[in-house]
Amino acid sequence: MNAKRKADSAQAKTATVALDQSSSKPNRPPRYLLRLYVAGTTPRSARAIANIKEICEEHLKGLYNLQVIDLYQQPVLAKGDQIIAVPTLIRKLPLPLRRIIGDLSNRERVLIGLDLKPTT
């Protein structure tokens with residue numbers, strides 16, 4: 001009987017500690033890890049870079065890490081991420097992984113692809 005009481009008491013303490021720990025952590029929005037693959041300094045690449053930077057600053061300020069990868073300079077990375085067209089934006093985090101192909105000028109499509117709601 002004493003063993004059962006000790007087990008119940010230990011469970012109650014564990015539950016209390018878990019509750020205390022979870023309530024002390026604020027609900028922070030997820031951080032975004034984005035990779036934009038481009039091919040050189042073409043106008044289409046420049047538009048994609050400008051568009052994603054503008055979208056990130058407006059909707060993800062302080063919550064994103066954007067890596068711009070020029071396939072002419074780092075072609076090995078394209079194989080690892082299975083890039084078949086450029087520009088391509090890959091959202092690595094938060095999961096699930098998402099891909100958006102094009103110059104990212106269609107803001108609504110990009111926001112939906114990133115799981116962000118457009119502001120009205």
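Observations, loosely collected:
- In the range 32-113, the DSSP beta bridges split such that about 55 percent are antiparallel, to the nearest 5.
- Net charge of neighbours whose Cβ lies under 11 Å from the Cβ of Arg99, counting Lys and Arg as +1 and Asp and Glu as -1: +3
- Normalised contact order of the range 32-113, rounded percent, pairs of Cα under 8 Å and 6 or more residues apart: 43 percent
- The range 77-101 and the range 35-57 have Cα centres lying 14 Å from one another.
- Largest first and in whole Å, the equivalent-ellipsoid semi-axes of the range 32-113 read 19, 15, 11, each the square root of five times a Cα gyration tensor eigenvalue.
- Of the residues Ile55, Pro94, Val38, the one whose Cα sits farthest towards the positive end of the charge dipole of the range 32-113 is Pro94 (charges of +1 on Lys and Arg Cβ, -1 on Asp and Glu Cβ, taken about the Cα centre).
Readers should treat all values here as calculations from the given coordinates under stated rules, not as data from a laboratory. Quantities reported herein were computed from a predicted structural model and do not represent experimental measurements. We place every Cβ from the backbone using ideal geometry, glycine too, and count neighbours over all the protein chains shown.
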